[in-house]
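Colleague: Pasting a structure below so you can have a look.
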Amino acid sequence: MRRLVLLGLVTGSVALSAVGCGRDVAKSATPARAGDDFALAEGARGIATAPARRTELADYLDIAARIQADPTRVVRVYAPVSGRLLSVEVRPADYVQQGQVLATLASADLAQAWAVYRQAQADAQVKQQALERSRALYEHHVIALRDYQQAQADAQSAAATLASARARLELLGADADSSAGRLSVRAPRSGVITDLGAAPGEFAKSLDNSNPLCTIADLSSVWAVGDVYEKDLASLRVGDSAEVTVSAYPGETRHGRITAIGSALDTTTRTLKVRVVLANPGTGV
């Protein structure tokens, strides 16, 4: 019966080790005198002898690996509209809460979207008033049913256009009740700023920009990913317990479990990826 122990680093390389239990090894010793008591050979000084005994010998498999963030917990933040950055409110290694302002930019695209919304709002109000007048006239048999139905259709069309314009503003993260051409880019989730790719004064493009404004990672749990040779796969199983040691924190051991073993073999190194998920308290997430 074998169990798996993974040793690794939180910052830097990681060592993974498989521990095999159950190997009996006979320990050699100088034969003792009759009985089980310790005895000293004649003329020996400070040399003790003991009877041979059987014990278990652990067989460690050390594997170099690395610590990385869970890709499903990493968010790259882009500017939703083109514009000039007025301010950047965060720095690398800062912890941010969901909804916190990351940057502010001035955008003509935002001003245009707001103008379209105001036009749609005014048109919807006019069409609604026209519908109310048509209803009163139709009830008093002044206009035909066709005219009243046309007024209803116009009011519904105007309301749909208004809803579409408002939805666009909300998608951009803008306040529909404000006419300012400035947009505050907010954090879509809580986490740590791992990369910052913008500075005040720069011109930020919209979603087609290849460089995000910043990257946010939730580091409440991290991955220890290592490479195991195919000859050692027989001793590894998903769900096996793991231990990770960190060179940056000597004497500390983190505990986790193997959550995945790769199925694609690297034909060059003849290795597969092994992943261990570790809790990472103290990140503020």
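Colleague: May I ask you to say which residue of Asp232, Asp240, Asp266 is open to solvent by 50 Å² or more (accessible area, probe 1.4 Å) and not hydroxyl-bearing (Ser, Thr, Tyr)?
Modeller: The match here is Asp266.
Colleague: Restricting to the range 243-263, count the residues that are outside any strand (DSSP E or B) and either in contact (Cβ under 8 Å) with a residue 24 or more places away in the chain or open to solvent by less than 50 Å² (accessible area, probe 1.4 Å) (or both).
Modeller: Matching residues across the range 243-263 total 3.
Colleague: Quick one: would you say Ala204 is touching a residue at least 60 places away in the same chain (Cβ under 8 Å), open to solvent by less than 40 Å² (accessible area, probe 1.4 Å) and farther than 17 Å from Gln68 by Cα?
Modeller: The answer is yes for Ala204.
Colleague: Would you point out which residue out of Val238, Val192 is touching a strand residue (DSSP E or B) at 6+ places or on another chain (Cβ under 9 Å) and in a strand (DSSP E or B)?
Modeller: Val192
Colleague: Any idea which of (1) open to solvent by 60 Å² or more (accessible area, probe 1.4 Å); (2) at pLDDT 90 or above; (3) under 25 Å from Val74 (Cβ atoms) is the one Thr161 doesn't satisfy?
Modeller: It is condition (3) that Thr161 fails.
Colleague: State which residue is modelled with the highest pLDDT when the search covers only the range 207-229 and only residues that are in a loop (DSSP other than H, G, I, E, B) and either of a type in the set (S, T, N, Q) or exposed (fewer than 14 other Cβ atoms within 10 Å of the Cβ) (or both).
Modeller: Only one residue fits best here, namely Ser220.
Colleague: Identify, please: which residue in the range 52-71 is buried (at least 19 other Cβ atoms within 10 Å of the Cβ) and more than 16 Å from the chain's Cα centre (by Cα) and is, among those, farthest from Cys214 (Cα to Cα)?
Modeller: Leu61
Colleague: On to the next question. Taking the condition modelled with pLDDT of 85 or more, polar (S, T, N, Q) and closer than 30 Å to Tyr95 by Cα, does Thr259 pass?
Modeller: It is true that Thr259 is modelled with pLDDT of 85 or more, polar (S, T, N, Q) and closer than 30 Å to Tyr95 by Cα.
Colleague: Of Val90, Val81, Val74, which residue is within 30 Å of Arg275 (Cβ to Cβ), of a type in the set (A, V, I, L, M, F, W, C) and either open to solvent by less than 30 Å² (accessible area, probe 1.4 Å) or touching a Leu at 6+ places or on another chain (Cβ under 6 Å) (or both)?
Modeller: Val90
Colleague: Looking at the range 96-117, which of the residues that are in a helix (DSSP H, G or I) and modelled with pLDDT under 90 is farthest from Arg76 (Cα to Cα)?
Modeller: Taking the candidates together, the pick is Ala115.
Colleague: Checking Ala279 against (1) touching a helix residue (DSSP H, G or I) at 6+ places or on another chain (Cβ under 8 Å); (2) open to solvent by less than 80 Å² (accessible area, probe 1.4 Å), which test does it fail?
Modeller: All conditions pass for Ala279, except number (1).
Colleague: Spot the failing condition for Ala199; the list is (1) part of a loop (DSSP other than H, G, I, E, B); (2) over 24 Å from Gln100 (Cβ atoms), and only one is missed.
Modeller: That leaves (2) as the condition not met.
The values are calculated or read from the model by the stated rules, or taken from the named source; none is laboratory data. Please read these numbers as outputs of a predicted model, since none were measured by experiment. Cβ atoms come from the backbone with ideal geometry, glycine included; neighbour counts cover every protein chain shown. Remember, those area values only see protein heavy atoms, side chains included, never the ligands or the DNA or RNA. Shrake-Rupley method; radii C 1.70, N 1.55, O 1.52, S 1.80 Å.
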